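Student: I'd like to ask you about the structure that follows.
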Amino acid sequence: MYIEQDEVYKVMDYLDNLADIDPNYALTEYFKHKDEEKQECLKIIDEIENINKLIPTIKDKSQKGKCTLKKGKLLEELALKILNVRRIFDIKPNLKCDSNEIDLLLQPSSNGKLYSRLLPQFMKEDIIVECKNYNKKIDVTWIGKVCSLLVYKKVKYGILFSYNELKGRNEWDASKGLVKKIYLSDNIMIINITIQDIKDILASEKNNIIKSIINKVNDIKYHTEFDKYIKPHPAQQIEA
């Protein structure tokens, strides 16, 4: 099919205009979640939240254990569904390796190569995904376990899906601080995606899981790098 040069320029002008409005429009448009995908994800979230309400009322330990296990499996299913956008990853679930089991292993797919110019380099490499259905904020123990797995498998990027967020009174405290310190010392990136993050993604026309992952990586990467170069004012040192 032959396209006139003028038509090509019109398309380029149109794309430039879109970029003026939103520099990330390509990420926004190409990785949108389809309505049916959103509904499937919301249905899983409803199931997780119903189980969450049910668990405290269960007295039988065996039954409580089954519900907790089901909640964990649903979280893995939710992670798989929302990460499967445009099939840019070859997703391997429940990958057994040595004494460990990786919940999800993301590897670049052949379909992902079609969108490779839109994706950052780290999305063209292996990413390990762990899902924790912990009913409290994620403490440093879980971050340490994920970090150990990444080091052992020589993978630089990990995503921790959880019901609750990382523990920390501020960005440098507890688990929130530990992920930054790990990045600084070992160049290993661990980001956290919560149920609330996923709800926000599904409710937005301007956001999607790919943009969210990129933003969370940049938050840790550049927040960390900027903070390295901020030194106390001499007056602050005297007061200390």
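The values are calculated or read from the model by the stated rules, or taken from the named source; none is laboratory data. In this text, all values refer to a predicted model and were calculated from it rather than measured experimentally. FYI the Cβ positions are ideal-geometry reconstructions off the backbone, even for glycines, and counts take in every protein chain you see.
Student: Which residues, counting only those in segment 142-179, are part of a loop (DSSP other than H, G, I, E, B), more than 27 Å from Leu74 (Cβ to Cβ) and of a type in the set (A, V, I, L, M, F, W, C)?
Tutor: Across segment 142-179, the qualifying residue is only Trp172.
Student: Could you check, for segment 180-195, whether at least one of its residues is at positive phi, polar (S, T, N, Q) and not in a helix (DSSP H, G or I)?
Tutor: Scanning segment 180-195, I find at least one residue that is at positive phi, polar (S, T, N, Q) and not in a helix (DSSP H, G or I), so the answer is yes.
Student: Within segment 182-240, which residues are basic (Lys, Arg) and either modelled with pLDDT under 95 or touching a Leu at 6+ places or on another chain (Cβ under 7 Å) (or both)?
Tutor: Residues of segment 182-240 that are basic (Lys, Arg), as a first pass: 199, 206, 211, 216, 221, 228, 231.
Listed by number, the residues that qualify are Lys206, Lys211, Lys221, Lys228, Lys231.
Student: Further question on the same structure: Condition check: at pLDDT below 95 and over 23 Å from the mean Cα position of the chain (by Cα). Does Leu27 satisfy that?
Tutor: no
Student: Right, here's the next one. As an exercise: evaluate Ser148 against (1) touching a helix residue (DSSP H, G or I) at 6+ places or on another chain (Cβ under 9 Å); (2) without any contact (Cβ under 8 Å) to a residue 60 or more places away in the chain; (3) surrounded by fewer than 18 Cβ atoms within 10 Å (Cβ to Cβ); (4) among the polar types (S, T, N, Q) and give the number of the one condition it does not meet.
Tutor: With respect to (1) touching a helix residue (DSSP H, G or I) at 6+ places or on another chain (Cβ under 9 Å); (2) without any contact (Cβ under 8 Å) to a residue 60 or more places away in the chain; (3) surrounded by fewer than 18 Cβ atoms within 10 Å (Cβ to Cβ); (4) among the polar types (S, T, N, Q), Ser148 is out only on (1).
Student: Another question about this same structure. Keeping to segment 133-145, report how many residues are surrounded by 14 or more Cβ atoms within 10 Å (Cβ to Cβ) and touching a residue at least 40 places away in the same chain (Cβ under 8 Å).
Tutor: Qualifying residue count, segment 133-145: 3.
Student: Something else now. Applying the selection to segment 77-101, what residues are among the hydrophobic types (A, V, I, L, M, F, W, C), within 21 Å of Asp197 (Cβ to Cβ) and in contact with a strand residue (DSSP E or B) (Cβ under 9 Å, 6 or more places away or on another chain)?
Tutor: Within segment 77-101, Leu78, Ala79, Leu80, Ile82, Leu83, Ile88, Phe89, Ile91 meet the criteria.
Student: Additional query: Search segment 50-73 for residues being in contact with a helix residue (DSSP H, G or I) (Cβ under 8 Å, 6 or more places away or on another chain) and in contact (Cβ under 8 Å) with a residue 40 or more places away in the chain, and hand back the single one that is surrounded by the most Cβ atoms within 10 Å (Cβ to Cβ).
Tutor: Quick first cut of segment 50-73, residues in contact with a helix residue (DSSP H, G or I) (Cβ under 8 Å, 6 or more places away or on another chain) only: 51-52, 54-55, 58, 64, 67-68, 70-71.
Now narrow it down to the ones that are in contact (Cβ under 8 Å) with a residue 40 or more places away in the chain: 52, 55, 68, 71.
On the way: Asn52: 16, Ile55: 16, Thr68: 16, Lys71: 21.
If we take residues in segment 50-73 being in contact with a helix residue (DSSP H, G or I) (Cβ under 8 Å, 6 or more places away or on another chain) and in contact (Cβ under 8 Å) with a residue 40 or more places away in the chain, then Lys71 is surrounded by the most Cβ atoms within 10 Å (Cβ to Cβ).
Student: If I go through segment 16-29 residue by residue, how many of them are over 20 Å from Ser212 (Cβ atoms) and either touching a strand residue (DSSP E or B) at 6+ places or on another chain (Cβ under 7 Å) or surrounded by 12 or more Cβ atoms within 10 Å (Cβ to Cβ) (or both)?
Tutor: 2
Student: In addition: Which residues, counting only those in segment 89-119, are outside any strand (DSSP E or B) and either of a type in the set (Ser, Thr, Tyr) or at pLDDT 95 or above (or both)?
Tutor: Once the filter is applied, which keeps residues that are outside any strand (DSSP E or B) and either of a type in the set (Ser, Thr, Tyr) or at pLDDT 95 or above (or both), segment 89-119 yields Ser99, Ser109, Ser110, Tyr115, Ser116.
One line per residue, one yes/no per condition, for (1) closer than 25 Å to Glu205 by Cα; (2) over 21 Å from the mean Cα position of the chain (by Cα); (3) among the acidic types (Asp, Glu):
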site: Asp35; (1), (2), (3): yes, no, yes
site: Cys41; (1), (2), (3): yes, no, no
site: Ile48; (1), (2), (3): yes, no, no
site: Lys53; (1), (2), (3): no, yes, no
site: Ile58; (1), (2), (3): no, yes, no
site: Gln63; (1), (2), (3): no, yes, no
site: Glu76; (1), (2), (3): yes, no, yes
site: Leu83; (1), (2), (3): yes, no, no
site: Asp90; (1), (2), (3): no, no, yes
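Student: Turning to a different aspect of this structure: If I ask for residues that are surrounded by fewer than 12 Cβ atoms within 10 Å (Cβ to Cβ) and at pLDDT below 95, which ones from segment 30-49 would you list?
Tutor: Answer for segment 30-49, where residues must be surrounded by fewer than 12 Cβ atoms within 10 Å (Cβ to Cβ) and at pLDDT below 95: just Lys34.
Student: Filter segment 109-168 down to residues that are closer than 16 Å to Asn187 by Cβ and among the polar types (S, T, N, Q) and give me whichever is nearest to the chain's Cα centre (by Cα).
Tutor: Looking at residues that are closer than 16 Å to Asn187 by Cβ and among the polar types (S, T, N, Q), I get Gln121.
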